[in-house]
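J.: Next up is a structure, given as C-alpha cells.
Nothing in this text is a laboratory measurement; each read-out follows from the coordinates by a stated rule. Fair warning: this is a prediction, and the values are worked out from it, not measured in the lab. With ideal geometry, Cβ positions are generated from the backbone for all residues, glycine too; neighbour counts draw on all protein chains shown.
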Amino acid sequence: MSTAAAGARTDWDIPEYAGEHHQELSFLRRYVFSTDHKVIAVQFLVMSLVFLALGGFLALMMRWQLGFPGQPMPGGSVLPESMAPGGIILPEFYNSLVTMHGTFMIFFAIMPLLVGVFGNLLIPLQIGAPDMAFPKLNMASFWLAVPAGFIMLTSFWVEGGAAGAGWTSYAPLSASGDYTGVYLGQQLWLLSLFILGFSSIAGAVNYITTVVNMRAPGLTWFRLPLTVWALFITAILVLLAMPILAGALIMLLSDQTLGTTFFLPELGGEPLLWQHLFWFFGHPEVYILILPAFGIVSEVLANGARKPVFGYHAMVLAIAAIAFLGWIVWGHHMFMSGMNPVLGTTFMVTTLVIAVPSAIKVFNWLGTLWKGNIHFHVPFLHAAAFVSLFIIGGLSGIFMAAAPVDIHIHDTYFIVAHLHYVLFGGSLFAIFAGITFWFPKMFGRMMNTLWNRVHFVGTFLCYNLVFFPMHGLGIEGMMRRLYDPTQYGWLAELQPWNVFITYAVFGLVTFQVVFFVNFFLSIWTGRKAEANPWRANSLEWSVPSPPPHGNFMAMPTVYRGPYEYSTPDGEEDFILQSASPRESERPPSDGTRSRAALNEEEST
Amino acid sequence: MNWLLDPSVSTFGPDIDRLYYIILFITGVVFVLTEGLLVYFLVRYRRRPGQRAEYIHGSTRAEVIWTAVPFLILVALGLMSKPVWDRVKEPSVFPQDAYELRLVARQFEWEAHYPGANGDPDAPDAFSVLNRFHVPANEPVVIHLEAEDVIHSFFVPRFRLKQDAIPGRSIPIWFEITEPGEYDLGCAELCGLGHYSMDGMVIVQSRSEFDAWNAERRTAAREAAGAVVAGRSGSDAGEGEAVSIEGGS
C-alpha cells in the first residue's frame, strides 16, 4: 500500500475552494444557502436541536398522561379541542404523540445530529479537505431536510391530526385512515420521510466520495480518525437503506391514496410485507443511529485519557462487522409477528452474534482508559457515561435476542427501556460529548464549563431514574404505546412507578433547558477558543477556531495516526497528525518509507 | 423495580423463565464486572501531576479473548433458546388432541368462537363470547388467532405467551395451563385509539367446570338460534359474557 498516493488529491487549486473570493458573498449565500460544510453543519445542528426540543416536549406530554391519566395537563388548555379538550389528552392525540416523538427523535434529531452535523463538520476537517466533494449537493441535502421537517411538524394541525400508527407505521393500521381517523396526517408523514430520504442519500453520496477521494497526502485509511471511519461506514448504510424505505413509503402512500392494496389483506395484500420492508431498512437505521456515536466516543475517550485508542484496527473491524451483520438481523423485530418460527431461529442466531462486535467495542474503550491519565473534561464525562449506559443497553438487548424470552418482553416497556438506553444513553450522550468537544471548532468559543457540568450530572441522574425502572415495568408486562395503563387491572398496581418516572422526566427536561441556554448563550458570549483547546491530534485542531472558508491555508501532509497521545519520546502528551516528523521518525532521505517501516506502522 | 418474574402458569413457562434467569445472571455478572472496571479505571487513572499515560496501542491476545468468550456465551444462549422457542411457537410440534377454538381480535375487543358439541364450528349450538373466555386447565389448548381489521397482539403475561394476530391469516398458538384461575389478557400491538382498553380475561377452569360452562353456553346458543331474530353479535361488550349467534349470520 502506497502511503502518499492513497490520499492524493488534485483539486486543491479549484477556485471554488479558495476562500478569499467568497468573502464578499451576500448574507443569504453565506449563512442561508451556503455551500460551506461548516455552515451546513451548524444549520443541521440548529434544525435538529429544535426537533430534539420538540421531541422532548412531546415526550413530556406523554409522560403527563401516563403519570396522571385523564387529568388536565398544566397549560394544556392552549391545545385545540381536537388534541386535548380542557387540557385532557385524547387517545388519538396520545397516539400522535407516540408516533411523532419517535419520528422527530429518530429522523429529525438523532440522525441529522450524528450524520448531518458531525458528518459535515468532521469529514472535510479531519481528512484535510477544503470542503465536501459536492458542496452544492451538500446544500441541497440540508434544504431538502427543512421542508421535510416542516411538513412533518405541520401535520399536527391538519384535519384528523398527525400520524398515529407509531413511528414504525405498521400496516394495515397505517394503510387506511378508516382504522385511525388519520388520513392526511399519515400521508404527510409518508411524504415528509420520502423527502428526507433524498436529503440523507445526497449526504451519503457526498460523504463517501469525499472520504475516498479527498484525504490529505499521507492520510491512509488506517490513519483516519475513528469518527471518519464510523461516518464513512454509516454513509454506506444510509445509501443502501434509505432507498428501501423510500420504496416502502411509496407503496404505503399508494395504498392510502391510489387504492392499491400492497398491505391490505382483504384484497390480497400482505401486512407482513410492510414489516419486512420497514425493518430491512429499519435495522440498518438503528446502526446508522449508533455507529457515528461509537466514533465520537472513541475520539473523546482517547483525548480525555491522553492515550491511543486501544485496538484501533479491532475498532474499525467491529464497526464494519456491525454494519454487515446489521443487514441480516431485521427479523428480530418480527419474532411475534407470525413469521415462520424457523426464520425466527435464524434471526435469533444472527442477532446474538451481532452482540459480539459491540462487546469488542466496549472492551476496547475500557482498554483505552486503562493506564491513562484521565482529564475529566465535559466531553469526556459524556463519553464515559455513554460507555456505562451503552453497556446496559447492550446487555438488555440480549434478553430480546433470545427469542423465547422475547415472547414475554416483546412490545413492553422493557423494549422502551432498551431502546432509550441505546438511543438516549448511547447516541444522545455521544452527541453531547461531540457538541461540547467540537463546539469551539464550530463557533470559535468555549461553552460554559460549570453549566455544562451541571447539565451532565443532572442528565445522567435523571436519565437513569426515568429509564431504568422501565425495565421493571416491562418485566411486569406493561405494554408499549398505552394511552392509559390504569385501564388494565394488573397494570394499575404499577401506577406509582409511572408517577415516579413522570416526575423524573420533569427533572430530565429541566436539565436540558440548562444545556440549551448554555449552548445558545455561549455562541455569542463564550470565552474565545484557541485552535486546539483539548490538545488533540487530528487535523481540525491544526487550524483556527472556527476554521476559515476552505479550512486549510495549505494542504496538510499527514505523518501519523490520530491517537498518538503520550508518545514516549514527545515532550507534550499529544502531537498533531500534520506536525513535521521529529528526528526519530523521519523517513529515509529519499522521501519514501520502506515497506517494512510502513507495515510496522500499520500494525501498531 | 422488580427483576423477578411473576410465577408462570403454563407448562412451557418455566422453560422461558429459566432462560430469562440464566440471561439475567450472565448479564448481571458482565454488568458488575464492566461497570466496576470502568469506575475503577476512572478513579485509578485520574489525572495526577507528573503522571503520563502509558503509550499502549492494544493487545492482539486481549482482542482474541474478548471476541471468543462473548461469542461462545452467545452461541450457547442460542443453543439453549432454540428448543424452547420451537416448543412454544413451532406448529409442527404442537401437542396432539388439543382443545381447539378460534379467537378473533378486532378494534377493540376479543371474540372467542367455540364449536358445537359435535366439534362443528357452524353447528347451531356453536357460540362465541366477548373478552372473557374460558379454557380447560391441564390439557393443551390450541387457539387459532385471527384479526379482522388491523394487527393486534395476544398477550397473557402469566402464560408467557404473546402472538400477533394478523388480518388475513389464522395463526395457531398453544398453551397448557396448570393452575386454574383468571388471567389478564392484553393487546400488545398498537391497534388504534382504543388500544389501551383492549383488555380481556382468560378463565382457566378444571375440565368438569369448563364442560359445564360450555354446555350451558351451547344450550343458550341453540335456544337463541331457535328463536332467531337476526344474526348479529352481542352488544354487551364490557363486563358480561355476551352471547352471540354463530352460523346464522
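J.: Hull surface divided by four, with the convex hull built on the Cα atoms of chain B: how many nm²? Walk me through the intermediate numbers first.
T.: On the way: hull surface 77.6 nm².
Average projection, Cα convex hull of chain B: 19.4 nm².
J.: How large is the Kirkwood hydrodynamic radius of the stretch A:213-343, in angstrom, based on all distinct alpha carbon pairs? Can you show the working numbers first?
T.: Working: mean 1/r = 0.0583 Å⁻¹.
Every distinct Cα pair counted, the radius reaches 17.2 Å.
J.: Please work out the ratio of the alpha-carbon Rg of the stretch A:511-557 to 2.2 N^0.38 Å and round it to two decimals. Walk me through the numbers on the way to the answer.
T.: Numbers: Rg = 14.0 Å, N = 47, 2.2 N^0.38 = 9.5 Å.
Cα-based Rg divided by the globular estimate yields 1.47.
J.: Still on this structure, I have one more. By how many degrees, between 0 and 90 and to the nearest 10, does the Cα long axis of helix B:207-226 differ from the longest principal axis of chain B?
T.: On a 0 to 90 degree scale, this one is about 50.
J.: Please work out, to two decimal places, the log10 of the ratio I(q)/I(0) at q = 0.13, 0.16, 0.21, 0.24 Å⁻¹ from a Debye calculation in which every Cα of the stretch A:175-232 carries one identical scatterer.
T.: -0.54, -0.63, -0.82, -0.93
J.: Take every Cα pair under 8 Å in the stretch A:364-515 that's 6+ residues apart, average their separations, divide by the length, and report that relative contact order as a whole percent. Working shown, then result.
T.: Working: 153 pairs, mean separation 43.9, N = 152.
About 29 percent, as a whole number.
J.: On to the next question. Please order A:L191, B:L190 by the number of other Cβ within 10 Å, starting at the fewest.
T.: Details: A:L191 18, B:L190 29.
Neighbour counts put them in this order, fewest first: A:L191, B:L190.
J.: If we count other beta carbons within 10 Å of each Cβ, what is the order of A:I431, A:I407, fewest first?
T.: Numbers: A:I431 26, A:I407 22.
Taking fewest neighbouring Cβ atoms as first place, the list is A:I407, A:I431.
J.: Hey, another quick one. Which whole-number percentage describes the relative contact order of chain A, with Cα contacts under 8 Å and a sequence gap of 6 or more? Mind dumping the intermediate values first?
T.: On the way: 1015 pairs, mean separation 97.3, N = 604.
Relative contact order for chain A comes out at 16 percent.
J.: Right, here's the next one. For the stretch A:74-80, what does the Karplus curve 6.51 cos²θ - 1.76 cosθ + 1.60, with θ = phi - 60°, yield as ³J(HN,Hα) per residue in whole Hz, taken in order and with x for Gly and Pro?
T.: Computed from phi, the couplings for the stretch A:74-80 are x, x, x, 6, 6, 6, x Hz.
J.: Give, to the nearest whole percent, the P(r) tail of the protein assembly as shown beyond 47 angstrom, counting all Cα pairs. Don't jump to the answer; show the numbers that get you there.
T.: Values: 95709 of 363378 pairs.
More than 47 Å apart: 26 percent of the Cα pairs in the protein assembly as shown.
J.: Now for a different question. When A:K528, A:K361, B:K82 are ordered from fewest to most other Cβ atoms inside 10 Å of their Cβ, what list results? Let's see the in-between values first.
T.: Details: A:K528 9, A:K361 23, B:K82 17.
Placing the least packed residue first, the sequence is A:K528, B:K82, A:K361.
J.: Run the dipole for the protein assembly as shown about the Cα centre, Lys and Arg Cβ at +1, Asp and Glu Cβ at -1, nothing else charged, and hand back the magnitude in debye, nearest 20. Write down the numbers at each step before the final one.
T.: On the way: 47 positive and 68 negative charges, 762 e Å.
Charge dipole of the protein assembly as shown: 3660 debye, to the nearest 20.
J.: Output wanted: per-residue J couplings in Hz (rounded whole) for the stretch B:5-11, from phi through Karplus 6.51 cos²θ - 1.76 cosθ + 1.60, θ = phi - 60°, x for Gly and Pro.
T.: Once rounded to whole Hz, the list reads 7, 4, x, 8, 10, 9, 5.
J.: Related question: 222 nm [θ] for chain B, helices only, -39500 (n - 2.57) per DSSP H run of 4+, per residue, to 500? Can you show the working numbers first?
T.: Details: 3 runs with 82 residues, N = 249.
Helix contribution divided over all residues of chain B: -12000 deg cm²/dmol.
J.: Then there's this: List the residues, sorted by chain then number, that are 5 or more residues from A:M73 or on another chain and whose placed amide H is less than 5 Å from its amide H.
T.: A:I88, A:I89
J.: Additional query: Which whole number in µm²/s is D for the stretch A:480-589 by Stokes-Einstein, with the Kirkwood Rh taken over Cα pairs at 4 °C and 1.567 mPa s? All intermediate terms of the calculation are to be shown ahead of the outcome.
T.: Numbers: Rh = 19.4 Å.
The estimated diffusion coefficient comes to 67 µm²/s.
J.: I need to check one value: relative contact order of the stretch A:34-125, counting alpha carbon pairs closer than 8 Å and at least 6 residues apart, in percent.
T.: Working: 98 pairs, mean separation 40.2, N = 92.
Dividing the mean separation by the residue count of the stretch A:34-125 yields 44 percent.
J.: Here's something else I'd like to know. Can you pull the one-decimal nm distance between simple spin-label points at B:W3 and B:R44, each 7 Å off the Cα toward Cβ?
T.: The two pseudo-label positions are separated by 2.4 nm.
J.: Now for a different question. Name the residues whose placed amide hydrogens come within less than 5 Å of the amide hydrogen of A:I374, ignoring near sequence neighbours (fewer than 5 apart) on the same chain.
T.: Those qualifying (amide H under 5 Å, at least 5 residues apart or on another chain) are B:R46, B:R47.
J.: From the C-alpha coordinates alone, can you work out the Kirkwood hydrodynamic radius of the stretch B:31-93, in Å? Please list the in-between numbers first.
T.: Working: mean 1/r = 0.0626 Å⁻¹.
The answer is 16.0 Å.
J.: Running a GNM on chain B with Cα contacts under 10 Å, which residue among B:G181, B:G192, B:G28 ends up with the highest mean-square fluctuation?
T.: B:G28
J.: Using a basic spin-label model with each label point 7 Å from the Cα along Cα→Cβ, how many nm lie between B:I56 and A:L25?
T.: 4.6 nm
J.: Taking θ = phi - 60°, what integer Hz values does the Karplus form 6.51 cos²θ - 1.76 cosθ + 1.60 yield along the stretch A:170-182, in sequence order, with x for Gly and Pro?
T.: Running phi through 6.51 cos²θ - 1.76 cosθ + 1.60 with θ = phi - 60° gives 4, 7, x, 3, 8, 7, 9, x, 4, 8, 10, x, 9 Hz.
J.: When the helices in chain A are scored as -39500 (n - 2.57) per DSSP H run of 4 or longer and the sum is shared across all residues, what 222 nm value do you end up with, to the nearest 500 deg cm²/dmol? Spell out each step's value before the answer.
T.: Values: 19 runs with 341 residues, N = 604.
Value at 222 nm, helices only, nearest 500: -19000 deg cm²/dmol.
J.: On to the next question. For the stretch A:331-400, which chymotrypsin sites (Phe, Trp or Tyr not before Pro) are in a loop by DSSP, counting at most 14 other Cβ atoms within 10 Å? Spell out each step's value before the answer.
T.: Numbers: sites: A:F335, A:F347, A:F363, A:W365, A:W370, A:F376, A:F380, A:F386, A:F390, A:F399; in loops: A:F335, A:W370, A:F376.
Hits after loop and neighbour filter: A:F376.
J.: If you don't mind, there's one more thing I want to ask. Considering only chain B, what is the antiparallel percent among its DSSP beta bridges, to the nearest 5?
T.: Numbers: 29 of 42 bridges.
Beta bridges within chain B, antiparallel portion: roughly 70 percent.
J.: Once the Cα gyration tensor of the stretch A:429-524 is diagonalised, what are the square roots of 5 times its eigenvalues, in whole Å and ordered largest first, as equivalent ellipsoid semi-axes?
T.: On the way: eigenvalues 265, 27, 22 Å².
Values for the stretch A:429-524, descending: 36, 12, 10 Å.
J.: Another question about this same structure. Helix by helix through chain A, keep the DSSP H runs that span 24 Å or more along the axis on Cα and average at least 0.0 on Kyte-Doolittle, and give those back in order. Spell out each step's value before the answer.
T.: Values: long enough: A:37-67 (43 Å, 1.48); A:135-154 (29 Å, 1.07); A:184-213 (44 Å, 1.23); A:226-257 (45 Å, 1.98); A:271-288 (26 Å, 0.47); A:341-369 (43 Å, 1.37); A:378-401 (34 Å, 1.92); A:449-475 (39 Å, 0.87); A:495-525 (45 Å, 1.33).
Result, helices passing both filters: A:37-67, A:135-154, A:184-213, A:226-257, A:271-288, A:341-369, A:378-401, A:449-475, A:495-525.
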